[in-house]
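Participant: Structure in structure tokens, see below.
Please treat every number below as a calculation from the coordinates, not as lab data. Quick caveat: nothing in here was measured; it's all calculated off a predicted structure. All Cβ positions, glycine included, derive from the backbone under ideal geometry; neighbour counts span all protein chains shown.
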Amino acid sequence: MNTVAPFVLLSAILFTIGVIGVLLRRNAIMIFMSIELMLNSANLAFVAFSNQWGKLDGQLIVFFVMAVAATEVAVGLALIVTIFHTKKSTDVDDLSQMKG
Amino acid sequence: MQLLVILPILFPLVGLLINAFFGKHMSEGLIGGLASSMVGLSFLVSAWLLFTSGGGPGIVDLSIPWIKVGTLDVPFGFLIDQLSLTMMLIVTGVGGLIHIYSIGYMHGDPRFQRFFVYMNLFIASMLVLVMADSFLLMFVGWELVGLCSYLLIGFWFSNIHNAEAGRKAFVVNRIGDVGFILGILLIFVTFGTLTFPDVFAKVQAMNAVNAPVVVAITLLLFVGATGKSAQIPLFVWLPDAMAGPTPVSALIHAATMVTAGIYMMTRAHVLYVAAPDTQTVVALVGALTAFLAGSVALTQFDIKKVLAYSTISQLGFMVAAAGMGAYVSSVFHLATHAFFKALLFLAAGSVIHGMEHLSKGEEESERSGAPGPHKAPAPAHSGEHTVDPQDMRNMGGLRTRMPLTFVVYCIGGLALAGMPPFAGFWSKDEIVSAALARNPLVFGLLAISAIFTAFYIGRQLVMVFFGKPRSEEAAHAVESGSAMTVPLVFLAVFATIAGILNLPGLDSLSHWLVPVVGQAAEALPFNIGVATLFTVLALVMLYGAWALYRSAYVKAGDADPLTRLGGLYTFLLRAWFVDWFFQNVIVKLFYAGSTFLARVLDIGGIDGTVNGVGIMVRDVSASLRKVQTGLVRSYGLMMLLGVVLVVAYFVLSASMR
Amino acid sequence: MLSVIIFLPLVGAVLVALLPRSATAAMRIAALVFSLATFALSVALLIGFNNAQSGYQYVESVDWIKTYGIGYKLGMDGISIWLVMLTTVIFPIAILSSTEAIRDRQKEYYALVLLMETATLGVFLALDMFLFYVFWEFALVPMYFIIGMWGGEKRIYATMKFFVYTMAGSLLMLLAILYVGFSGGTFDLTALVAKNSAWAASVPLFLAFAIAFVIKVPLFPFHSWLPDAHTEAPTPGSVILAAVLLKMGAYGLIRFNLALFPEASRLFAPLMMILAVIGILYGAIVAFAQTDAKRLVAYSSVSHMGYIVLGIFSMNALGLQGALLQMVNHGISTGGLFLIVGYLYERRHTREMARFGGIWGKMPLYGTLALLFVLSSVGLPALNGFVGEFVILQGAFQANWVWAAFASLGMILSAVYLLTFYQKIFLGESRDTANDGLRDVNTREVVTVVPLLVLALVIGLYSLPFFSAMGASVTNLLTVAGLAVK
Amino acid sequence: MTPELLSFIILAIISIAAAIGMITSRNAVYAALFLILNFGTVAVMYLMLNAPFLAIIQVSVYAGAIMVLFLFVIMLLGAERLNERETRPVMRWHRPLAIVLGAFLLALALYVLLTRLGQSTASVNVFGAGPLEIGLQLFGPYLLPFEVASVLLLVAMIGAVVLTREK
């Protein structure tokens, strides 16, 4: 089992599911989790390619992606909490003040 | 010696500067005295120039750099020769007398100081015009006298009609001036110079008759002359110009400024002689103008309007003479006309002054009672009267009330009518003789005009001085003071004897002007037949006027005997509807066009287009704005669409390779 | 030296900005002193100027963005010298005339005016296209605020239009500048002109520059921002706008269009001359129909600027020199007219001519001053306007006599509308009781306009020094561009 | 069918099922738990891909810390019950379009995989990817990004504190 293809295929499937999740769910937390799924699928692809070429760089990228994901979650969840305090809702459709 | 040449211009300039800046603290006498003496000094210098340069070529040239661009080099250059000296003497001589007259006439006017500033400016400008040695500098004087005319016609500007008349004069003159300036442009493009001697030398070197460019130049210059010298079709401003104070009418609109066109054509005679076609046009326009204005003068009631149309008519004589190449006769008539028409105007002013005496009398006594400088005297001639003091129907019988005025008016009138031995006889005779010899059509028109002249001046004399007074004002008119009558007497003397200038046989003016205009322009020998014929005709017409008007007006409201002419009478009274045409067709069209351009085309069309572009952008963006729903998911969807498209592009383009 | 003259007003602006908000008198004085110092410097430049030299003088050159051949290069020649002088003369006058017109936020105002002076001087002195563009856009900003903050009722509309309109033009110019700069390898104007390369894209380049400049001039039919901007601007703003800003456009036409693209200029000269003639007549006719005094003067600007474009695209020495002199003349006479109208507005707070009448009787000195400016604008000989107009017409006549003939009709029309203007306000009887008891002009107001009148008279009577300073440069420009054949 | 491939297929099916379960779940807590399951399967795959260090981090940081944070917020806000009935008519076309586009994206990926990766070679060599190697890389060539990441985390921490602070 040394081919990279199945992993990338899985990665693509997971990514698409994540995308659809982002687009279909209206709950901000759900959207966030779908984004995590997308990040994760990308990570999987990185690791698979890293394994294929025998280079560590792919894994290091994943490491940084995780760091950024953690950051994003921290700030994003803080935002959600703040918004919930004012709007009593985590529905992103309620946040349409920017409409033209 | 060189600088001396510009002294005649400098004196009035100094006078106007002193009066303009310090006049506020000066008395009327001082202001008027200063202005008059400055003109007098100019006259003396001119006379001195005459004696020092007399006989010889008499040319003094002085030039100070002015405009110098590339090949265009026009200096402030002055050319003093026999012709300009003649004009200088007329301008400063008649001008000086009118200045003195004005001291009396304008007495008590709140803008007395300003009046004399303008008058001095006029003298200076007129001198620039006649002394200039290039077309451009002449144009400077030409426009500046137009400015003075504008300022002086609208002198009593609080009456909007006066201001209106001033503006009309300026604008109509400007129309002519554009012709003049186009002529100048063409001269420079053709000859590469604008100074008179150089241009004339090059024209003579061309040695061509009716070269198209010369015809064009002369016609354009003539357009300028029709404006300034009130020829068809641009004469309409001159009758209105009578709104100005009477000394102004005498000086500017009779004796000097309006003759600038004749002076210019005489000055540029080299060009005109080289373009006989233009000459014919000029002669015909002049003769037609003489005829038209003479016929209109028959029917006018305003004492000054009659004189104004008479002036136009006489200017027509001069222009016709110039057109026929009889430059000496033209200048001769210019000189005699300056004397007798100035005399007539000033005498008319005296009449008006007398007519206004009744309404002014009370104020006068009031003023003498309390002569404080703070008490502003009422304007003397601002035209606020119950009875129009210029309407001849309100006059009558003034010969007993104003005997001196009557006498000088008669002298002026007889000179105008062409009765020997008064000045007008000699000069008019020369022109008519020349016409007889050269152009029968012009002769015919001028002959009829001459007959009209005798009739209308006769009519005026009868209406003003004979019969019974037809108004309170006329009944109580008094003779004017000495400041006004002394110049009248002087002018009357000149109007009587000015014929000496060019008496047949003596021909002093002809000989004097030969170096300038050449032998060909000299007057023809005296034609005793023509002279007799016209004297008889004039006598007949004077008698006719006497017979017709002696008893026509008993009271002011009576109909004029000429109303029997019916429609023709109205046609003449309205001055052939020329002015009506200008006012109701051209001016109205201009108003309408201007309003259309400003309101419709500019606001709606051009600005509308610009704003339309702005509105379009705004509307398009307003509809595009709807795309921004504010819903994160829809943005996400758009993003995904973009991602799919971009990825698809890369994938497909990669697989294409 | 040129850097000093450009940035001295900027120093003044900073100083004014640092003054305490209450020290309004100090601001006025500081602004006046700095603008007068700039004027004094420019006089020094004028004295040291060598008329016979055709190239640039007082050149300063420093590398700026070397990679792209952009430099900080300044210089003055006979084409720019009188515009610089005009600028340094107009600004102190505008500042002096602000006392009544500007009452609030004086600190910002005087700082902006001084900034404006820096920008305009920069435009006239820059020899690097990029630097030119920087100053050009920089000049737009203070004027935007001056109209937008101290303007009349419709000021927002007017500023918006002014800004967007001129900006649209300069965008095209920026593209053209970048194209020329990159394909020519340098942004140095003198080097580019000396190369005399026939640009393959000279027609679009010419148009891009020309549109930017004719909008600024403004040439018919790009004039519609002008009446609004002029009417809404405060008096000193109108003065600066008319006297200096419009000249930037005309200057650009000479400096860029003629010098860089002589072939395209020759191609487009007939079109430009036709538009100029239309502008002369159209501006005059439309001016006649105005009821607002300031709008009338604004349209008179359109008409007068038409003469300048006509002179420029006559493409001969007479036309160009006449146009250059006429730029100065227009600055003097139209600037003066705006001051005159402004003084009346400050007293009566209306510009409707129907509300006046007989003002000359009530304010004799004011009426006389106004008349002199009107006559200067009409083009009366012995005053400045005539000399410029005549020389332009002579140049235009050499180039194409038909257009010159049409343009000369503008002489009639200018008399018509300006004398109507004068008559409506100053002559006749007063049509409003509010006109009673108007006080005549005070010393400050007289001092503000008298320098302009003196200049008008000097130029009218003795234009020799003005023409001789520009002669060599104009001849050189025409020779290099290969236009001096005729 | 090698055991490896078999285990991969099983893991992949669990992983996809967990992902689908996550995005369709009506209850946020269930969703989070599904996600944790998904992360777990991915961690096992990291092990299969010769990335033991990442596998551990995946479990401890991702599945552990981050998802706990999620659960914590869900509980805190009491937002586990989700009501997402579509109310806006504008968005009616949204759901099908999103699914179609998603499918399209997947199709593109499949197309690439089939045309390109089908012929790709196997792993070149077996290499060490333990914590030691990772650490050497991190403090060697990746030192600057590493430090930047630490600053980023610090900023995020401060940001989270500031955002949620009670006024």
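Participant: Please work out the FRET efficiency for the pair C:Leu271 and A:Lys55, using the Cβ-Cβ distance as r and a Förster radius of 56 Å; give the result to the nearest 0.05. Let's see the in-between values first.
Facilitator: Values: r = 67 Å, r/R0 = 1.19.
Computed FRET efficiency for C:Leu271 and A:Lys55 comes out at 0.25.
Participant: Here's something else I'd like to know. Roughly what would the spin-label model give for B:Phe571 and B:Ser37, points 7 Å off Cα along C-beta, in nm?
Facilitator: 5.7
Participant: Averaged over D:43-53, how many beta carbons belonging to a partner chain fall within 10 Å of each residue's beta carbon?
Facilitator: Mean partner-chain Cβ count within 10 Å for D:43-53: 5.
Participant: For the stretch B:158-196 and the stretch B:439-475, write down the distance between their C-alpha centroids in whole Å.
Facilitator: Computed from Cα coordinates, the inter-centre distance equals 32 Å.
Participant: Something else about it: Give the long-range amide H neighbours of B:Val69: residues separated by 5 or more places, or on another chain, with amide H under 5 Å away, using H modelled in the peptide plane at 1.01 Å from N.
Facilitator: Under 5 Å from the amide H of B:Val69 lie the amide H atoms of B:Val74, each far enough along the sequence or on another chain.
Participant: Okay, moving on. Taking every residue in C:423-436, how many Cβ atoms of other protein chains lie within 10 Å of its Cβ, on average?
Facilitator: Other-chain Cβ atoms within 10 Å of each residue's Cβ, averaged: 3.
Participant: Take the Cα pairs of the protein assembly as shown, get the Kirkwood Rh, then feed it into Stokes-Einstein at 37 °C and 0.692 mPa s and tell me D in µm²/s.
Facilitator: 87
Participant: Non-local amide H neighbours of C:Trp64 (under 5 Å, H modeled in plane, Pro and chain starts lacking H): which ones?
Facilitator: C:Ile70, C:Gly71, C:Tyr72
Participant: Also: Which of the three applies to the stretch D:1-83, rounded, prolate or oblate, going by the alpha-carbon gyration tensor with a ≥ b ≥ c and a/c under 1.5 meaning rounded? Don't skip to the answer; put the middle values down first.
Facilitator: Details: a/c = 5.56, a/b = 1.67, b/c = 3.33.
Taking the square roots of the gyration eigenvalues as a ≥ b ≥ c, the stretch D:1-83 is oblate.
Participant: By a straight-distance test (C-alpha under 22 Å), which lysines pair with C:Lys154 as possible cross-link partners, with residues fewer than eight away in the same chain excluded?
Facilitator: Candidates past the 8-residue exclusion: C:Lys216, C:Lys294.
Participant: Another question about this same structure. What is the distance in Å between the Cα centres of the stretch C:270-337 and the stretch C:34-67?
Facilitator: The two parts, judged by their Cα centres, are 28 Å apart.
Participant: Another question, if that's okay. Starting with the fewest neighbours, write out B:Ile615, B:Ile6 ranked by other beta-carbon atoms found within 10 Å of each beta-carbon. List each step's numbers first, then the result.
Facilitator: Values: B:Ile615 11, B:Ile6 19.
Ordered by Cβ neighbours within 10 Å, fewest first: B:Ile615, B:Ile6.
Participant: If packing is taken as the mean number of other Cβ atoms within 10 Å per residue, what is the order of C:303-311, C:46-54, A:6-14, highest first?
Facilitator: Put in order of decreasing packing, that is C:303-311, A:6-14, C:46-54.
Participant: Over all residues in C:282-290, what is the mean tally of Cβ atoms on other chains that come within 10 Å of each residue's Cβ?
Facilitator: Shielding by partners across C:282-290 averages 6.
Participant: Mind checking which lysines have their C-alpha under 27 Å from B:Lys468, skipping anything on the same chain fewer than 8 residues away?
Facilitator: Of all the lysines, those that pass the test against B:Lys468 - Cα under 27 Å, at least 8 places apart if same chain - are B:Lys304, B:Lys305, B:Lys341, B:Lys360, B:Lys555.
Participant: Is the stretch A:5-92 rounded, prolate or oblate when judged by the Cα gyration tensor, a ≥ b ≥ c being the square roots of its eigenvalues, rounded requiring a/c under 1.5 and prolate requiring a/b larger than b/c?
Facilitator: Oblate shape, in that a/c is at least 1.5 and b/c is the bigger or equal ratio.
Participant: From the phi of every residue in the stretch C:319-329, what ³J(HN,Hα) in whole Hz does the Karplus formula 6.51 cos²θ - 1.76 cosθ + 1.60 yield, where θ is phi - 60° and glycine or proline is x?
Facilitator: Listing the rounded values in order: x, 5, 5, x, 4, 5, 5, 5, 4, 5, 4 Hz.
Participant: Which value in deg cm²/dmol, rounded to the nearest 500, describes the helix-derived mean residue ellipticity at 222 nm for chain C, given -39,500 (n - 2.57) per DSSP H run of n ≥ 4 and division by the residue count?
Facilitator: -24500 deg cm²/dmol
Participant: If neighbour count is taken as other Cβ atoms inside 10 Å, put C:Ser224, B:Ser551 in order from fewest to most.
Facilitator: B:Ser551, C:Ser224
Participant: Still on this structure, I have one more. Amide H neighbours of C:Phe261 under 5 Å, at least 5 residues apart or on other chains, H built in the peptide plane: list them.
Facilitator: For C:Phe261, no residues qualify.
Participant: How large, in Å, is the stretch C:2-48 by the Kirkwood hydrodynamic radius built from its alpha-carbon pairs?
Facilitator: Values: mean 1/r = 0.0898 Å⁻¹.
Taking the inverse mean of 1/r over all distinct Cα pairs, the stretch C:2-48 comes out at 11.1 Å.
Participant: Using Cα-Cα distances under 8 Å and only pairs 6 or more residues apart, what relative contact order does chain A have, in percent?
Facilitator: Value for chain A: 28 percent.
Participant: I'd like the Karplus ³J(HN,Hα) series for the stretch C:272-277: coefficients 6.51, -1.76, 1.60, θ = phi - 60°, whole numbers in Hz, and an x wherever there's a Gly or Pro.
Facilitator: With the stated coefficients, the stretch C:272-277 comes to 5, 5, 4, 4, 4, 5 Hz.
Participant: Please give the Cα centre distance for the stretch B:129-143 versus the stretch B:270-343, rounded to the nearest Å.
Facilitator: Spelled out, the Cα-based centre of one part sits 22 Å from the other.
Participant: I would also like to ask the following. Using 7 Å Cα-to-Cβ label points, what is the A:Lys88/D:Ile13 separation (nm, one decimal)?
Facilitator: Placing both labels 7 Å beyond Cα along the Cβ direction yields 4.7 nm.
Participant: Residue-wise, which Karplus ³J(HN,Hα) couplings in Hz belong to the stretch C:381-388, taking 6.51 cos²θ - 1.76 cosθ + 1.60, θ = phi - 60°, and x for glycine or proline?
Facilitator: Result, ordered by residue: x, 6, 10, 5, x, 4, 4, x Hz.
Participant: Another question about this same structure. When the scattering of chain C is computed by the Debye formula from its Cα atoms alone, each counted once and equally, what is log10 I(q)/I(0) at q = 0.07 Å⁻¹?
Facilitator: Taken in order of the listed q values, log10 I(q)/I(0) reads -0.33.
Participant: Would you mind checking the tilt of helix B:403-417 against the longest principal axis of the Cα atoms of chain B, expressed as 0 to 90 degrees and rounded to 10?
Facilitator: Taking the Cα atoms of chain B, the angle to B:403-417 is about 70 degrees.
Participant: Set the Förster radius R0 to 25 Å, insert the Cβ-Cβ distance between B:Ile500 and B:Trp546 as r into 1/(1 + (r/R0)^6), and round the FRET efficiency to 0.05. Each step should come with its number before you reach the end.
Facilitator: Values: r = 30 Å, r/R0 = 1.18.
Computed FRET efficiency for B:Ile500 and B:Trp546 comes out at 0.25.
Participant: Same structure again: Could you put D:Thr41, C:Thr88, D:Thr115 in order, starting from the residue whose Cβ has the fewest other Cβ atoms within 10 Å?
Facilitator: Ascending number of Cβ neighbours within 10 Å: D:Thr115, D:Thr41, C:Thr88.
Participant: Still on this structure, please answer the following. Using a basic spin-label model with each label point 7 Å from the Cα along Cα→Cβ, how many nm lie between C:Asp104 and B:Phe22?
Facilitator: For the pair C:Asp104/B:Phe22, the computed spacing is 5.0 nm.
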